[in-house]
Amino acid sequence: GMDSYNTERIDISRGANAILFGQGSPAGIINNQLKTPNLRRNGYTFSSAVGRYGSHREVLDVNQMLLKDRLGIRVIGLNDQENFRQEPAFEDDRRLYAAVRWEPRLVKDGFTQIQVSYEDG
């Protein structure tokens, strides 16, 4: 299933105007945006949670600006171990997400952005 550890934003378009968005489904659409590197400041976050039956979840999010307003990298790691009452039922999820963003000044009055992202799990 989908895990939102690397999701920046989720938009839900539904109702009468939903047919105007995306592929035109009258039921609406859900659009998600992945986290991208911030080119103006560094950031580091860590979250941890524990649950029943020895379950635990850790997420480390590191944003590193390499060249201010030009080049940055973001790496997010997830370790999610979910155990259940029944033995040996469990769910073990380890993921790594990385994104690089580069905004070179190729033309005087233009904007160019190159972004590459990768996920392994």
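Key figures for this structure:
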| read-out | value |
| --- | --- |
| Enumeration of residues in region 84-121 that are exposed (fewer than 10 other Cβ atoms within 10 Å of the Cβ) and among the charged types (D, E, K, R) | Arg85, Glu87, Asp92, Lys108, Asp109, Asp120 |
| Selection within region 49-77 - touching a Gly at 6+ places or on another chain (Cβ under 9 Å), open to solvent by 40 Å² or more (accessible area, probe 1.4 Å) and among the charged types (D, E, K, R) | Arg57, Glu58 |
| Matching residues, region 37-61, being out of contact with any Ser or Thr (no Cβ under 8 Å at 6 or more places or on another chain) and either in a loop (DSSP other than H, G, I, E, B) or under 19 Å from Val116 (Cβ atoms) (or both) | Pro37, Asn38, Leu39, Arg40, Arg41, Asn42, Gly51, Ser55 |
| Filter result (open to solvent by less than 70 Å² (accessible area, probe 1.4 Å), at pLDDT 85 or above and farther than 19 Å from Asn79 by Cβ) within region 2-31 | none |
| Residue list for region 39-48, restricted to those being touching a residue at least 12 places away in the same chain (Cβ under 8 Å) and either under 15 Å from Tyr5 (Cα atoms) or open to solvent by 50 Å² or more (accessible area, probe 1.4 Å) (or both) | Arg40, Arg41, Asn42, Tyr44, Thr45, Phe46, Ser47 |
| Residue satisfying condition, being in a strand (DSSP E or B) and either in contact with a helix residue (DSSP H, G or I) (Cβ under 9 Å, 6 or more places away or on another chain) or among the acidic types (Asp, Glu) (or both), within set Arg85, Arg95, Arg101 | Arg95 |
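The values are calculated or read from the model by the stated rules, or taken from the named source; none is laboratory data. Quantities reported herein were computed from a predicted structural model and do not represent experimental measurements. Don't worry about glycine lacking a Cβ; one is built from the backbone with ideal geometry, like all the others, and counts go over all protein chains shown. Side chains are part of the model used for accessible areas, which takes the heavy atoms of the whole protein and leaves out ligands, DNA and RNA. Shrake-Rupley method; radii C 1.70, N 1.55, O 1.52, S 1.80 Å.
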